[in-house]
Every structure is written in structure tokens, then in C-alpha cells.
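Novice: Below is the structure I would like to discuss, written out as C-alpha cells.
The values are calculated or read from the model by the stated rules, or taken from the named source; none is laboratory data. If you're wondering where the values come from, they're calculated on a predicted model, not measured in any experiment. Neighbour counts are summed over all protein chains in view; Cβ atoms, including those assigned to glycine, are modelled from backbone coordinates with ideal geometry.
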Ligand code: NAD
């Protein structure tokens, strides 16, 4: 079994205690991963702190060169990294519409290169006979990154690259469920980045909690669940540590009577079941006008019935397993509640293969707000489809939950759709699509989905503070 090590101050280091990493497709132990001690966390933070003055003094161009070299190096190791992703996360190597490991890996490269190409220029806000006033964007210092298990590498990159580009140094903690791809990435990065610029510590929630209360960490960027986000905010309060919190969602899509169902159905299917539904901004509640409800249900069911769920390494697998037992239990519990309420399972709903954490693509109609499957973030391949007759009811339903990551409206009348979309209480709205993200478009949530944004210039700014430079003449 391959050994994995922490990355501290440019060195690959072991520890005294380890935890097992499981392959969700067959429940086998695939690796032992180091449980970093708090002493090792302190060493990682100290290394990042001492690397900061030199790294932050480089120009954007110099840091960009290193980050571009990093993208090239991980591209050279594509096969190994994608194999690790499938092994620990479960996502198929190929997979439905290429939304598997290749999608995450391709996205990782695209994001590094696009983000590293950006710059934050000083902004002149006054230049007259009295004074010249400029706003400079300065790096914060040591940034702590804490990530979840659904896109281990891609979400890590979303944290690390803007932090490093703007001149910060990083201590990162990947999810204990999926630490391997990131540790391997760290091995590659340590040969390219100066020692201490990127440190990786692995372990469970406690090591994450120790990061959030650490005096020498200036900012935490966290992607994960809402309860953990709230715990982090409390813990960060004592040191006034800055936060970006990308938390859970329960995105609603509203399909209007005039939607082109044949055109929408494949997009609705793809964006509901992307990464087996284990995507923060997947479409998770579908509100459909009664006049097109049956046609859409039929189209989605036909697609679902042509999909195969299985081991991600099998050539014909469209969807892999859920990543862990706890997630499978949640999905099963929500489905059970829906069944007890008399919901109609159009397909799926029964676990037939227990050799891994498999759950079939499942569509559920005859269900309403108030059911657990509608009200709770299901984070799995099960989509509730709710019929409506009045669009005002659908808008109220979309907004009634305490989360607000994304939302969508599906219609051929773009003006009408945009008006409805603007009334949705969420960070991103899509018309005739969902879950589409790109490196230059800010992405973030409102309400219990968190605050702060990632991507684009606004995302870069989250890793800086403004220094106002006032020169008097
Ligand atoms: P999680 O909150 O259980 O864990 C995320 C990370 O936090 C892990 O690394 C974990 O070890 C760490 N952690 C746990 N307790 C901690 C504590 N007290 N202090 C600091 N760190 C702690 O989330 P998860 O189950 O890994 O991921 C699924 C969740 O992530 C879903 O709710 C999903 O919607 C959300 N998510 C959000 C986005 C987004 O951009 N908004 C993206 C992906 C996933």
C-alpha cells in the first residue's frame, strides 16, 4: 500500500498516527494517511509565515510563472492523479457526458491557468494638485484552506491558486475522506514552489478546528457544510480571522409552461446528477409547471434508465458510488421519508448492489415542500420534481429555505425568465441552465450558503486587504 505524507516546509514528512482511506466502490482500504499533530500544524504555519516575506515580494508575473509551471507539472501526472481521484472519490474515469474524473482534472488545469493569468492593479481614486491617492491590494499573510470530499482537487485549486497568486502562503487541509489526490498534488508542487509556500496537513475535523483558531493564520477559506461553517465562524471570532465560507445549498430550478422540454431535459438531467448529485450547486429541487410536468418527467426517466451506476474504473460506468457510508445513509433516509409520504418513484430508489456505496439515479414526483427530500440538501443522485400551477408559488417555494447558493429558470421567454430569476434569493442565477461556473465569474452564496465569493477579480480580492496610499503635493 502506497504511503502518503504531509507536506511541511518543502519536505514530505510522516507522523505517528494514521487513518484509513476507503475506496467507495468496494469499501476496501486503499491507503493509510497521516493524522497531523498540532505540533506539525504549528510547524506548517511557521513555515508558511517564514516563506511569506519572500513570496509576497515577488511580482505577479514571477508568481504566475511558478503557478503555470505547476499546471504543466500536474498535467504531466494526469493519469496518476485521475486514477487517485476515481479510487478515493468514486467518480468515473470516463463517465456521463465526461463529468467524471476527467472533468475535475480538466477543470483543475483550466482554473489554474485562467486564475494565474489575472492581476490586481493598484487603483487611482484621486490625482489632482492636492494629492494622489491609490488603493493597493496587499496579501494577508498565511491563509488556511479547508476543503470537502466532493471535488478534492478542484476545490483545493480554487482556494490555493488565488491565495498564492496574490502573494499569500498557504496551509491546506483536505477532507479526511479524500486526502490522497491533494497529497500527491502537494508532492508535485513542492518541487516547483519555494519551501513553505504551500503546506498540506491531513486529519479529521480537529486539525481543521485548530487552524481556525490559530493566531498566525490571517484568513480561512472554507468549503463544506453549513454546520461546520458556523462552527468555524465562532472559532475564528477570537482572532478576528477573515473568512470566505462556501457552504451547503439546495438549489431550486423553475420550469415554466413555455420551456422547450426537449432542449431543457438533457441539461436538467446533467446538472442535477453532476458528480452523482454530490455538487454544492447541483439542481436539487425541480419545480415544474403542470402543463409540462409529465413530458419532462418522461424525458428525464428515459435518460435515467439508460445510465449505468458502477465502479468508476469500468468503461461503461456513467455514475460511480456515493463517496461515503454516511452520505449513502442520508440519501436512503430522505428516500424512505418520501416513500412514506406516498411519493411516486419514477425510477431508482432501491439499493441493489451493496458491494460499494452505490445508489441508483432516482427521480421522485408527487412530492411537495415539507418532505425531507425537498427541504434538506440531499447531496446524492435523487431529484424531487414538484408540480406547480402558479409561478408565484414556485418562487415562494424556491426562496422559502434558509440556503441560497444557486437557482435557475427555464423558459423560452428570456425577459420573463430574467425577471423571475432576479427574484431568487441566491448568489448565482441561471437561465436555461444550472451549475455552470467559470474562472472569471464570481460564485458564492447568501443566507446559510455562506458569504464571500470565489473566482474572478472579486475572488482574488478576498485574499487581500486594501492599503490606501495618500501622497500629498
Ligand atoms: P464538512 O463540513 O463535513 O467537512 C468539510 C471540511 O471541514 C473537512 O475537511 C473536515 O475535516 C473539516 N472540518 C470538520 N469539522 C471542522 C471544524 N470544526 N473546524 C474546521 N474544519 C472542520 O463537509 P463535507 O461533508 O466534506 O462536504 C459536503 C458539504 O460541502 C455539502 O454541504 C456541500 O454543499 C458543501 N459544499 C459547498 C460548496 C460551495 O462552493 N458552496 C462546494 C462543495 C461542497
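Novice: Sort out which residues of segment 201-212 are closer than 16 Å to residue 159 by Cα and near the ligand (Cβ under 8 Å from one of its atoms), and write them in order of number.
Specialist: Matches in segment 201-212: 208, 211, 212.
Novice: Please enumerate the residues belonging to segment 327-350 that are assigned to a loop (DSSP other than H, G, I, E, B) and at pLDDT 95 or above. Let's see the steps before the verdict.
Specialist: Residues of segment 327-350 assigned to a loop (DSSP other than H, G, I, E, B): 341-343, 348-350.
Matches in segment 327-350: 341, 342, 343, 348, 349.
Novice: With a cut-off of at least 3 residues that are more than 21 Å from the chain's Cα centre (by Cα) and surrounded by 21 or more Cβ atoms within 10 Å (Cβ to Cβ), name the strands (runs of 3 or more DSSP E) lying wholly within segment 1-100. Show your work before the answer.
Specialist: On the way: elements: 6-8, 11-13, 18-22, 29-34.
In segment 1-100, 6-8 are the strands (runs of 3 or more DSSP E) which contain 3 or more residues that are more than 21 Å from the chain's Cα centre (by Cα) and surrounded by 21 or more Cβ atoms within 10 Å (Cβ to Cβ).
Novice: So for segment 234-254 (the condition being over 25 Å from the mean Cα position of the chain (by Cα) and either within 16 Å of the ligand (Cβ to nearest atom) or buried (at least 20 other Cβ atoms within 10 Å of the Cβ) (or both)), does at least one residue qualify?
Specialist: Yes.
Residue-by-condition table, conditions (1) within 16 Å of the ligand (Cβ to nearest atom); (2) under 15 Å from the mean Cα position of the chain (by Cα); (3) buried (at least 22 other Cβ atoms within 10 Å of the Cβ):
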{"position": "114", "(1), (2), (3)": "no, no, no"}
{"position": "126", "(1), (2), (3)": "no, no, no"}
{"position": "135", "(1), (2), (3)": "no, no, no"}
{"position": "159", "(1), (2), (3)": "yes, yes, yes"}
{"position": "192", "(1), (2), (3)": "no, no, no"}
{"position": "199", "(1), (2), (3)": "yes, no, yes"}
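Novice: Against the definition (in contact (Cβ under 8 Å) with a residue 24 or more places away in the chain, crowded, with 24+ Cβ neighbours inside 10 Å and not in a loop (DSSP other than H, G, I, E, B)), how does residue 384 come out, yes or no?
Specialist: yes
Novice: Which condition number does residue 363 fail, the rest of (1) in contact (Cβ under 8 Å) with a residue 40 or more places away in the chain; (2) on the phi < 0 side of the Ramachandran plot; (3) not in a strand (DSSP E or B) being met?
Specialist: Exception for residue 363: condition (3).
Novice: All but one of (1) buried (at least 24 other Cβ atoms within 10 Å of the Cβ); (2) under 24 Å from residue 282 (Cα atoms) hold for residue 211; state the number of the condition that does not hold.
Specialist: Just one mismatch for residue 211, condition (2).
Novice: Right, something else. Looking at segment 405-419, which of the residues that are crowded, with 22+ Cβ neighbours inside 10 Å and farther than 20 Å from residue 376 by Cβ is nearest to the ligand (Cβ to nearest atom)?
Specialist: Only one residue fits best here, namely 409.
Novice: Further question: Please go through segment 255-286 and pick out each residue that is within 16 Å of the ligand (Cβ to nearest atom) and touching a strand residue (DSSP E or B) at 6+ places or on another chain (Cβ under 6 Å).
Specialist: Across segment 255-286, the qualifying residues are 271, 272, 276, 281, 283, 284, 285.
Novice: Taking segment 169-190 as the region of interest, how many residues are out of contact with any helix residue (DSSP H, G or I) (no Cβ under 7 Å at 6 or more places or on another chain) and more than 10 Å from the ligand (Cβ to nearest atom)?
Specialist: 4
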